[in-house]
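The next block holds one structure in the form of structure tokens; read it before the comments.
The values are calculated or read from the model by the stated rules, or taken from the named source; none is laboratory data. Here the structure is a predicted model, which is why all the values come from computation and not from measurement. Backbone-built Cβ (ideal geometry, glycine too); neighbour counts: all protein chains shown. Calculation scope for accessible area: heavy atoms of the full protein, side chains included, ligands and nucleic acids excluded. Shrake-Rupley method; radii C 1.70, N 1.55, O 1.52, S 1.80 Å.
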Amino acid sequence: MNYGIPYQGSKSKIIDQIAKFFPNADHFYDLFGGGFSVSHYMMVHRSKSYKQFHYNELRSGMCELIKDAISGKYNYDVFKPEWITRERFMREKESNAYIKIIWSFGNNGEGYLFGKDIEQQKRSMHMAVVFDEFDSFVKDTFKIDKWPNELTITGKRLYLKRLIASRVELERLQRLEQLERLQQLEQLELTNLDYRQVNIKPNSVIYCDIPYKGTVDYGNTFNHDEFFNWAAELSNPLFISEYNVDDSRFHLLKEIKHRSTLSANANNEVKECLYGNKLSFEIVNDLNLFNNQPIQLDLI
């Protein structure tokens, strides 16, 4: 199962390995919540481990996008996604989180989803799948002018997938739609704040998927030194995802190898790490989740 919405740096594929390190508590904080994958996973699989889940994301519009998805706005019965042109994307990306995230390449919120060389073909397939409109490209390429039987949008996408090697980019919308299935909404709080402004309550577990050093900052300048100084003062167990943390106040808990898919050409092996403050390290050690050695998982 994929968790949350498509988002650059999403932990959807590795969250099951990270979450096993989180102890039970009254509150779970996802302070750099991004595409909601960690909060989504925790609410699905660890709903009884916490009384309340707190999702926070500084990036403008993300909370509203998540709320809309949970409320059912993107259910295909009521939402037929219109095609977003390159021009409209550039014009509205800063004011519309749906356009900014779902229609950007790699979900980076900056560049348009498709290259100019394939934009029109992608539009043709989109219009056929969503609106049953078959133009000359679809008719000539796929030799169809209507769908067999009564296919859902998923069925249409899979039908085309069987005809071509690449898939239609509509599974991004399915990720929005699936958030509607969340049941325990009374346990969820969503905030759009700087991490230092979030009111962290006693008996909490804190997870921070911070912008990695040397990578994009998701549109917000991030001061790593300030963050680590702030994190070191917390009295709750705190966990941090990063490539590398060179700070003796934080301890390596786990290494995860997997393939990066942040760009069309980047299918390289990367190693992401989970770090913890002194308290989280002691808890993990007491639970015998490792024998004083970082656990390595190869997802290749």
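What the table shows:
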quantity	calculated
Scope the range 7-24; condition under 12 Å from the mean Cα position of the chain (by Cα) and open to solvent by 10 Å² or more (accessible area, probe 1.4 Å); matching residues	TYR7, GLN8, GLY9, SER10, SER12, LYS13
Subset of the range 228-253 [in contact with a strand residue (DSSP E or B) (Cβ under 8 Å, 6 or more places away or on another chain), assigned to a loop (DSSP other than H, G, I, E, B) and open to solvent by 40 Å² or more (accessible area, probe 1.4 Å)]	LEU234, TYR243, ASN244
Filter result (at pLDDT 95 or above, of a type in the set (Asp, Glu) and assigned to a loop (DSSP other than H, G, I, E, B)) within the range 191-227	ASP194
Residue selected from the range 53-93 under the condition in contact with a helix residue (DSSP H, G or I) (Cβ under 7 Å, 6 or more places away or on another chain) and acidic (Asp, Glu), by the criterion farthest from ARG123 (Cα to Cα)	GLU57
Qualifying positions in the range 94-136 - outside any loop (DSSP other than H, G, I, E, B) and surrounded by fewer than 18 Cβ atoms within 10 Å (Cβ to Cβ)	PHE105, GLU119, GLN120, GLN121, LYS122, ARG123, MET127, PHE131, SER136
Residues (of a type in the set (Lys, Arg) and in a helix (DSSP H, G or I)) located in the range 34-86	LYS67, ARG86
The listed residue being open to solvent by less than 10 Å² (accessible area, probe 1.4 Å), among the β-branched types (Val, Ile, Thr), within 23 Å of THR152 (Cβ to Cβ) and in contact with a Phe, Trp or Tyr (Cβ under 8 Å, 6 or more places away or on another chain), out of ILE66, ILE84	ILE84
Count of the range 25-44 residues which are surrounded by fewer than 18 Cβ atoms within 10 Å (Cβ to Cβ) and at pLDDT below 95	1
